[in-house]
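Report on the structure given below.
The values are calculated or read from the model by the stated rules, or taken from the named source; none is laboratory data. As the structure is a computational prediction, the values presented were derived from the model and not from experiment. No Cβ is skipped: glycine too gets one built from the backbone with ideal geometry, and neighbour counts run over all protein chains shown. Just the protein is used for accessible areas: all its heavy atoms, side chains included, with ligands, DNA and RNA removed. Shrake-Rupley method; radii C 1.70, N 1.55, O 1.52, S 1.80 Å.
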Amino acid sequence: KPVCRRVDETGRARFLGHDQRGGEMAVTVARQLRLSNTEAGMIGAVVTYHMRPLLLSQARGVTRRAAHRFYRDAGEAGLDVALLALADHLALKPGGEPSPGWQSLLDVVEDLLRYWLEIDTPEMIPTLVTGRDLIAYCHLEPGPKVGYWLRRIREEQVCGVLQSREAALQW
């Protein structure tokens, strides 16, 4: 975090981008410690995404779409990220009363955990279509556009908008 420290015109210290930079640094240190690529990636993800639950708490709630995006981005580290966010928040006032935002953050973490348990992890839901389906049905060329549409369809699927292969292809 200190490498991202900047002081704004009002004299307030800011740490913009510390989450992303910290994640990169965490991966570097994990590799120096000879941790596996999986372990290094997990540590990097936890550090990189540790602010997401707090940002969600400021948005006042977790939609299915927001929960899906959280787990899509954080991957297997999602549960660890959610718990770290709580610890990080409490560390701001060691031994003191939690700040007013504590309950909101706690509610967000509860929503994220409920979402994970409710759908038995997002990765467990079978996909509706494949890249080959999109290429054949939509006459797309192989490439990044196919990946883009697969991600969009997946998001609509976990949000309950699309429930069948036919509906996904039509959409």
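By how many nm would the segment from Leu16 to Val3 lengthen if fully extended, with 0.36 nm per residue of separation less the alpha-carbon distance?
3.7 nm
Place +1 on the Cβ of every Lys and Arg and -1 on the Cβ of every Asp and Glu in the chain, take the dipole about the Cα centre, and give the residue among Ala66, Leu55, Pro98 whose Cα lies farthest towards its positive end.
With unit charges placed on the Cβ atoms, the residue in question is Leu55.
Could you work out the relative contact order of the chain? I mean the mean sequence separation of Cα pairs under 8 Å and 6+ apart, divided by the number of residues, in percent.
17 percent
In nanometres, what is the gap between the two model label sites at Glu110 and Ala136, each 7 Å from Cα along Cα-to-Cβ?
So the two model labels end up 4.7 nm from each other.
Once neighbouring chains are kept in place and the probe is 1.4 Å, which whole percent of the accessible area of the chain is contributed by carbon and sulfur?
So the carbon and sulfur contribution to the accessible surface is 56 percent.
Please report the net charge: other residues with Cβ closer than 13 Å to the Cβ of Gly17, K and R +1, D and E -1.
Around Gly17, the surrounding residues sum to +3.
Tilt of helix 18-32 relative to the longest C-alpha principal axis of the chain, in degrees (0 to 90, nearest 10)?
90 degrees
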